[in-house]
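Student: Please find one structure pasted underneath; my questions will follow.
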Amino acid sequence: ASKVTVGALRFTSHAASFVAYERGYFKEAGLDVDFRFFQAAQPMAVAIASRDADFGVTAISGGLISLAEKGAAKVIGGALQEEQGVDGQMILASVAAYDQGVTTPARLGGRNFGITTAGSSFHYMGSKIAAAEGIDDLKFKPLQKVGAVIGALKSSQIDAWSIVPHIGKALVGGGAVKHIGMVADYIPDYQVTTVFTSAQNAANEKAKTEAFLAAFARGAADFNAALVDRTEGDDGAEAMTRLIHKYVYADQPYEKASRSIVNGAMRINAGAALNMDSIGDQLSWFKSEGLVKDEVSMEMLVDDSYVDTL
Amino acid sequence: MDLRLDAVSHAYGGVEVLRDVTLEAPAGRITCLVGPSGCGKSTLLRLLGGLERPDAGRALMLGDPPAGSLNPLTYVFQHFALLPWRTVAGNIRLVLEDHPLSRAERDEIVADVLARTRLTDFAKAWPRQLSGGMRQRVAIARALAARPAVMLMDEPLSALDAQTRELLMDDLVALWGRERFTAVYVTHNLAEAVRLGHRIAVLSRRPGQVREIAEIDTPLEDRRPDDPALVAVQADLWRLLREEAADADRELTGA
Amino acid sequence: MDLRLDAVSHAYGGVEVLRDVTLEAPAGRITCLVGPSGCGKSTLLRLLGGLERPDAGRALMLGDPPAGSLNPLTYVFQHFALLPWRTVAGNIRLVLEDHPLSRAERDEIVADVLARTRLTDFAKAWPRQLSGGMRQRVAIARALAARPAVMLMDEPLSALDAQTRELLMDDLVALWGRERFTAVYVTHNLAEAVRLGHRIAVLSRRPGQVREIAEIDTPLEDRRPDDPALVAVQADLWRLLREEAADADRELTGA
Amino acid sequence: MTDATLDAAPAAPASARTGAPAAGAPRPVPFRGGGFQPSGRAWAGPLLFVLLIGIWEWGSASGWITPLTLPRPSAVAAVFGELWASGRLWEHLGPSLGRLAVGSALGLAAGIGVGLMIGLFSLARAGLAPLVAALFPVPKIALLPLFVIWFGIDEASKYALIAFGVFTPTVVATYGGVDNVDRSLIRMGQSFGLSWRSIVLKIVLPGAAPAILSGMRVSLAIAIILLVAAEMLGAEHGVGAFVLTAGSLYDLESLFCGVAILSALGLAVSFLIGRLERRLLDWRG
Amino acid sequence: MTDATLDAAPAAPASARTGAPAAGAPRPVPFRGGGFQPSGRAWAGPLLFVLLIGIWEWGSASGWITPLTLPRPSAVAAVFGELWASGRLWEHLGPSLGRLAVGSALGLAAGIGVGLMIGLFSLARAGLAPLVAALFPVPKIALLPLFVIWFGIDEASKYALIAFGVFTPTVVATYGGVDNVDRSLIRMGQSFGLSWRSIVLKIVLPGAAPAILSGMRVSLAIAIILLVAAEMLGAEHGVGAFVLTAGSLYDLESLFCGVAILSALGLAVSFLIGRLERRLLDWRG
Ligand SMILES: Nc1ncnc2c1ncn2[C@@H]1O[C@H](COP(=O)(O)OP(=O)(O)OP(=O)(O)O)[C@@H](O)[C@H]1O
Ligand SMILES: Nc1ncnc2c1ncn2[C@@H]1O[C@H](COP(=O)(O)OP(=O)(O)OP(=O)(O)O)[C@@H](O)[C@H]1O
Ligand SMILES: [Mg+2]
Ligand SMILES: [Mg+2]
């Protein structure tokens, strides 16, 4: 079995890897997997470039594209995707802004929109929402960390934000913020996260990469069945939640954690298929904002030889 | 104005430094204080000037200071205690600034004491530019500016080299000749004491006690270093102190 | 072994400090060097000991140092130059450690010089625990440990108080009486020079030049402070130096 | 005009005139010394501390300090108690202490070495001193992505980051210390014919030791601060990672608990340096 | 045994014996002084710098330094040139300088105030000194979420963060300076009957000024380092924000350009303090 290091965040969106590991799909594919956990997606991308990790799942960010441009990383598959009918990422407003009339994304003109860093997926989403609503004076506030954005939103220092459902629902449930829209309404079929690896792996370790993607896809299928399509019944859902709880919110009691896990269940693309249109759109947005070099092409960013494209 | 110590004793953290010292410093005369290292001479001077409170006994002023005295009890320190960030004139002005004087009055006093100590040309110099002897002259000028009733001098010459010491001793004799100031003058140096003192009080080792008080009648102006009478007094004093000085020298401190 | 300066001149960054100085320090005698502040006495001593290279002229050793001398030209410094992080014995051992001696030999030398300077009881004391006089005694013991041919002493007593100075002068006279060491002894203090010097060289103000060389024939042991002949020599020297000392004192530095 | 003797001056209106017969009654000399030596009152430190915590607790309990602004001290203590009881305290402290130790040791060794070179050699001084000055204000967090590329995400990059942070202040403290070694002691060594090596080892190094040790106080405080930055780099355990996780979850109790642990660590390090100083520098008395 | 005179010692085998007639020929005294005063060679600093950059450029051009590891110096320079030409340099420098100025001014003022109190009053010393020591190793980045809550995400939180970082080292430098003011100067002031206020203003403060100024060197370097942390909080413009964005985009050219600007800023500040020192402390000569 070849040794493989998989970078992961302790989020439900990384569940496919956890499932593949726990249910032995990696072993069956001949991979001896080691997880490396990160606090944020950005260091994980860098770690893949530095060959400290082999595979990872994260949103497409300016940093990832830069690394791809330097020949260090490649997107090889799709993971989380927005889909009508499944609770996806939410658009939130602070209580103060809501009270002042920001009850729909259309009213965001002149408001502050929280992002972690320039070139993050939040930046992309905010920008697309503004474009769709014809708003040209939405102000982006980089706050580095999700925690800081939450703090700023709760205390009404920023007006709006978009975030994955398990965090969003918890915040809305607590009454600290208001829900004003869904990302899926603005960016249909948004390929939120992708599977990526080092360019080296993509080009020269075909067998290993294919094995990983196959096992990952099996994990994703189990996850979708149990928590997104709910075809496995309550028992199946419970078993899946318990499995994921080993990795996500592990230091919270199961009852509390399970709600967040279930809330966060978004579809992971079957067969790790890649939505090339969405990725192309994201890439051209990054270029138009001047966040990445104009020379970057889809070929530099994506190796589409591994999975189906949508 | 006379100064008097009345049965003064003092200790620092259990170490007795002075024991039952009674001493008078009469006006218009220089009272020298000699004694071995660490016998409490500086402490005694601090008690006289109110920088330290005696554990027992009292430090007394007899009579009134002359009218216009800004600081009746004024020190001259061994290491000059000039502010390095003020010029010569600024250092002198320092001691006038807390008194209700006009700017012109202050400038006049400064100019006056600089002239009396022949320092006028150095008014704008920084202390670091001056030799040790000149620095001590500035400190003396500063003391004069406060119009003292008594000058309390703690080894004013011992930080100077031998030649400068000679020169400053001549200056002090001349100054006393004109101004007849009152002084308590602490020193290790018997030649200095014999040259400058009207009365010389000899202290014993720690705890300091008055062992002897010598009076010298030769007028200051007439004292010559080779005067056999003075040489004899000095030899007597050295005989008195030699053993104690040797003991003090051999003592371990801060062990 | 004699030491000789041969037409030596020296300058620091354009400032001429010594001009054409020729001087001999004969073996077995103490040569005193007096002069006003800043006239180059310390520089001269550094040239003699090889701590400085003369701009012109030469410093010469005449004859061989005695066999077994570890450091023929050995200094005693004004401020003692003891390592505060070594005990008395450690400070002395320092100068033996770079020589090929056995541990036992070293210990023996240390014990010997401590005994000769009556410091045996203080072997384990830290420098900070000692009075100035004791520290200088340690420095002298350290110099003796190096078995010098010539001792170069730069104002060894001027950092001490007057009483300790007297005591140490007696010690040095006694030491010379027993060991007849060769020394070049720099001082400001004419009383010291007259008490300890076989020859006294008087330097002029900067640039230092030899103005006069006085020889005193009275044996060291017989010199008394009140000896009229010595007092007369001292008065002569002071006459020679007084004006220059006063000028040196009034000089501004680092302006 | 420049005759600096005191004697020939014209008699000026000096007031300290002689022999006025004692007129008034004896009055004691007024006391005007003392002061300007703050000391003692060791009780005030703990007292103030307890008082502050007390007010804070009371404020939190009574509600005028909202839990969004500051956590309740007792809740912070509870978090600590739980960390302690569950053994997770050591799970976090262990790796952090290891990183601190290795990183600081590397940084101190390199810093003292380079500092000595700058202090001893003209060429090193001219070449390296400006370089160190330019590195001083470089923010280490900005370089995090590079550290990952250079040193990977394992312990090496954490050691490197801490070592880098410790390095520059140590260099500055060391060469400052060497510069301040009493030159007369060095001349003494030369005058006794000591070898260059002996002079450096027996005179320069011990003479610079106090400055190096007091520089260590600063540089180790910096090391603790950088621990948090270092543990941004893919660390799961460690006090820094604990604090960061707490921050991103906006869990103020844990955040304060972690910060308090770091602060205690700082005080402990400073105490240890004090002990080391007393040991190495006992000659100062 | 404890008679500390030299005379009565038994004649020991001293070798420095007298009067040996000069046998050998005159030999010059060997030179053994000099050294241990590194200085001069001002050319070495720039030279080393140019050399380093040169090697680096060449390494990048020839490929053994990959663009993933280090950007090419000429590319960094190009970024700078572009920033300069487009005027975006000022767009970033302006806000950063403002934050530095306001934050440091607040921190210095508070730090000098508290430092003076600790230096002058026993109660302040006992109460505040341990508190400051405990605050020193607190990592400011860990507190970012709190600063957001306390001071918002606008300028106030940036000022506060920088001020907090400057505060602790300034306190320590100030009270260290006050402690080291020559007590004999203070006694002199008292002996001339100066008021407490005069003593503090005319003796203690100027006496502590050198220490305070040299503390400023450290604390302003810390301020620059913290600029990056401060601009983590919702800053769109500013050198710190520029560096952070470059880091998150993994744009090494911009990252290095920003770091170089910060380093230059540090050198500039240090130069200015040098000027200030020469101005305020000209009495030191
Ligand atoms: N503030 C103080 N606290 C504690 N001990 C002190 C203090 N001042 C002086 N002493 C001690 O009191 C003794 C007498 O000190 P003092 O300075 O009065 O002696 P002195 O005669 O002036 O000595 P010297 O001749 O060395 O100047 C010494 O042993 C000294 O160590
Ligand atoms: N290393 C040096 N660099 C520059 N100038 C020096 C140096 N050493 C001494 N000088 C200057 O050379 C002159 C003579 O100095 P030196 O120390 O030899 O005089 P000195 O006679 O020993 O003086 P003192 O009586 O004060 O000890 C002085 O003006 C001094 O400032
Ligand atoms: Mg005294
Ligand atoms: Mg000299």
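Student: State which stretch of chain E is the longest one without any exposed chymotrypsin sites (Phe, Trp or Tyr not before Pro), exposure meaning a DSSP loop state and at most 16 other Cβ atoms within 10 Å. All intermediate terms of the calculation are to be shown ahead of the outcome.
Tutor: On the way: sites that count: E:Phe31, E:Trp43, E:Trp64, E:Phe121.
Counting only loop sites that pass the neighbour cut-off, the longest clear stretch is E:122-285.
Student: Let me ask something additional. Relative contact order for chain C using alpha-carbon pairs under 8 Å, separation at least 6, rounded to a whole percent?
Tutor: Here the relative contact order equals 29 percent.
Student: Quick check on region D:190-276: what are the equivalent-ellipsoid semi-axes from the Cα gyration tensor, as sqrt(5λ), descending, whole Å?
Tutor: Output for region D:190-276: semi-axes of 42, 13, 7 Å.
Student: Quick check: pseudo-label points 7 Å beyond the Cα along Cα→Cβ at A:Thr231 and A:Lys3, how many nm apart are they?
Tutor: So the label points at A:Thr231 and A:Lys3 sit 3.8 nm apart.
Student: With charges only on Cβ, +1 for K and R and -1 for D and E, what is the dipole size of the protein assembly as shown about its Cα centre, in debye, rounded to 20? Numbers along the way, then the final one.
Tutor: Values: 130 positive and 138 negative charges, 433 e Å.
Here the protein assembly as shown has a charge dipole of around 2080 debye.
Student: Please give every one of the aspartates and glutamates within straight-line cross-link reach of D:Lys140, meaning a C-alpha to C-alpha distance under 14 Å, and leave out same-chain neighbours fewer than 8 residues apart.
Tutor: D:Glu231
Student: I've got another one for you. Which lysines does B:Lys124 reach when only Cα atoms under 27 Å apart count, and residues fewer than 8 places away in its own chain are ignored?
Tutor: Output for B:Lys124: E:Lys202.
Student: Mind checking the mean number of beta-carbon atoms from other chains within 10 Å of the Cβ atoms in C:120-131?
Tutor: Mean inter-chain Cβ contacts per residue within 10 Å come to 4.
Student: Beyond 26 Å, how much of the Cα-Cα pair distribution for region E:116-247 remains, as a whole percent?
Tutor: The proportion of pairs with Cα distances above 26 Å equals 38 percent.
Student: Pairs A:Lys70/A:Lys293; A:Lys74/A:Lys206; A:Lys128/A:Lys178; A:Lys154/A:Lys178; A:Lys141/D:Lys158; A:Lys3/A:Lys208: which are spaced more than 18 Å apart, C-alpha to C-alpha? Don't skip to the answer; put the middle values down first.
Tutor: Values: A:Lys70/A:Lys293 11 Å; A:Lys74/A:Lys206 13 Å; A:Lys128/A:Lys178 20 Å; A:Lys154/A:Lys178 10 Å; A:Lys141/D:Lys158 29 Å; A:Lys3/A:Lys208 9 Å.
Violating the 18 Å limit, Cα to Cα: A:Lys128/A:Lys178; A:Lys141/D:Lys158.
Student: A further question on this structure: Evaluate the distance, in nm, between pseudo-label points positioned 7 Å from the Cα of D:Leu68 and of E:Ser214 along their respective Cα→Cβ axes.
Tutor: Taking the simple label geometry, D:Leu68 and E:Ser214 are separated by 4.8 nm.
Student: For B:Ala232, place a label point 7 Å out from Cα along the Cα→Cβ vector, do the same in each other copy, and report the separations in nm, one decimal, smallest first.
Tutor: The projected label point of B:Ala232 is separated from its counterparts by 2.2 nm.
Student: Looking at region A:33-137, which trypsin sites (Lys or Arg not before Pro) are in a loop (DSSP not H, G, I, E or B) and have at most 15 other Cβ atoms within 10 Å?
Tutor: A:Arg51
Student: I need the calculated FRET efficiency for the pair A:Thr309 and D:Leu249, taking r as the beta carbon distance and R₀ as 56 Å, to the nearest 0.05.
Tutor: Between A:Thr309 and D:Leu249 the formula returns 0.95.
Student: Could you work out how far the C-alpha centroid of region A:55-81 sits from that of region A:224-249, in angstrom?
Tutor: If we compute the Cα centre of each part, the gap is 27 Å.
Student: Going toward the positive end of the dipole of chain B, with +1 on Lys and Arg Cβ and -1 on Asp and Glu Cβ, which of B:Pro156, B:Thr182, B:Val210 do you reach last?
Tutor: Result: B:Pro156, furthest along the dipole toward the positive end.
Student: Leaving out ligands and nucleic acids, and using a 1.4 Å probe, what accessible area per residue does region C:2-254 come to in Å²? Mind dumping the intermediate values first?
Tutor: Working: 8740 Å² over 253 residues.
Value returned for region C:2-254: 35 Å² of accessible area per residue.
Student: Going by Cα centres, region E:171-209 and region A:166-196 are how many Å apart?
Tutor: 63
Student: What number, rounded to the nearest 500 deg cm²/dmol, is the helix-based mean residue ellipticity at 222 nm of chain A, given -39500 (n - 2.57) per DSSP H run of at least four residues and division by all its residues? Walk me through the numbers before you get to the answer.
Tutor: On the way: 14 runs with 129 residues, N = 310.
Calculated mean residue ellipticity at 222 nm is -12000 deg cm²/dmol.
Student: Tell me, what is the per residue accessible area of chain A in Å², probe radius 1.4 Å? Please list the in-between numbers first.
Tutor: Details: 11070 Å² over 310 residues.
Accessible area per residue: 36 Å².
Student: Also, I was wondering about something else. How big is the C/B interface in buried accessible area, both sides summed, 1.4 Å probe, to the nearest 100 Å²?
Tutor: Details: alone 12680 and 12640 Å², together 22450 Å².
Heavy-atom accessible area buried at this interface is about 2900 Å².
Student: Based solely on its DSSP helices, what 222 nm [θ] is calculated for chain B when runs of n ≥ 4 H residues each add -39,500 (n - 2.57) and the sum is averaged over all residues, nearest 500 deg cm²/dmol? Can you show the working numbers first?
Tutor: Values: 7 runs with 91 residues, N = 255.
Computed ellipticity for chain B at 222 nm equals -11500 deg cm²/dmol.
Student: Could you look at the protein assembly as shown and say what percent of its accessible area is carbon and sulfur, using a 1.4 Å probe and all protein chains?
Tutor: Looking at the protein assembly as shown in its full context, I get 58 percent from C and S.
Student: Further question on the same structure: Once you order the gyration tensor axes a ≥ b ≥ c over the Cα atoms, which shape class does region B:105-222 get: rounded for a/c under 1.5, otherwise prolate or oblate by comparing a/b with b/c? Write down the numbers at each step before the final one.
Tutor: Numbers: a/c = 1.99, a/b = 1.72, b/c = 1.16.
Prolate, since a/c reaches 1.5 and a/b exceeds b/c.
Student: After finding the eigenvalues of the alpha carbon gyration tensor for the protein assembly as shown, what semi-axes result from the square roots of 5 times each, listed largest first in whole Å?
Tutor: 77, 36, 27
Student: Residues of region D:215-258 with amide nitrogen under 15 Å from the 7 Å Cα-to-Cβ point of D:Trp84?
Tutor: D:257-258
Student: Roughly what would the spin-label model give for D:Ala264 and C:Asp64, points 7 Å off Cα along C-beta, in nm?
Tutor: Output for this residue pair reads 7.3 nm.
Student: Along Cα-to-Cβ, 7 Å out, sits the label point; list in nm, shortest first, how far the one on D:Pro67 is from those in the other copies.
Tutor: Taking the point 7 Å beyond Cα along Cα→Cβ, the inter-copy spacings are 5.2 nm.
Student: Which percent of Cα-Cα pairs in region C:172-255 sits in each 5 Å bin, short to long?
Tutor: Values per bin, smallest distances first: 3, 12, 23, 23, 16, 11, 7, 3, 2, 0.
Student: How would C:His99, E:His237 rank on accessible area, largest to smallest, probe 1.4 Å?
Tutor: I get E:His237, C:His99, largest accessible area first.
Student: Using 1/(1 + (r/R0)^6) with R0 = 35 angstrom and r between the beta carbons of C:Asp247 and B:Arg224, what's the FRET efficiency to the nearest 0.05?
Tutor: Efficiency at R0 = 35 Å is approximately 0.90.
Student: Between region C:94-136 and region D:233-275, how far is it from one alpha carbon centroid to the other, in angstrom?
Tutor: 51
Student: Would you tell me the mean number of C-beta atoms belonging to other protein chains that fall within 10 Å of each C-beta in B:70-76, as a whole number?
Tutor: 4
Student: Distances in nm, one decimal, shortest first, from E:Ser214 to the same residue in every other copy, taking the label point 7 angstrom along Cα→Cβ.
Tutor: 0.8
Student: Expressed as a rounded percentage, what relative contact order does chain E have, with Cα pairs under 8 Å and six or more residues apart?
Tutor: Working: 256 pairs, mean separation 57.8, N = 285.
Once normalised by length, the contact order is 20 percent.
The values are calculated or read from the model by the stated rules, or taken from the named source; none is laboratory data. The structure presented is a predicted model; accordingly, all values stated were derived computationally and were not measured. Quick reminder, even Gly has a Cβ in these numbers, built from the backbone with ideal geometry, and neighbours come from all protein chains shown. Surface areas here come from the heavy atoms of the whole protein model, side chains and all, with no ligands, DNA or RNA. Shrake-Rupley method; radii C 1.70, N 1.55, O 1.52, S 1.80 Å.
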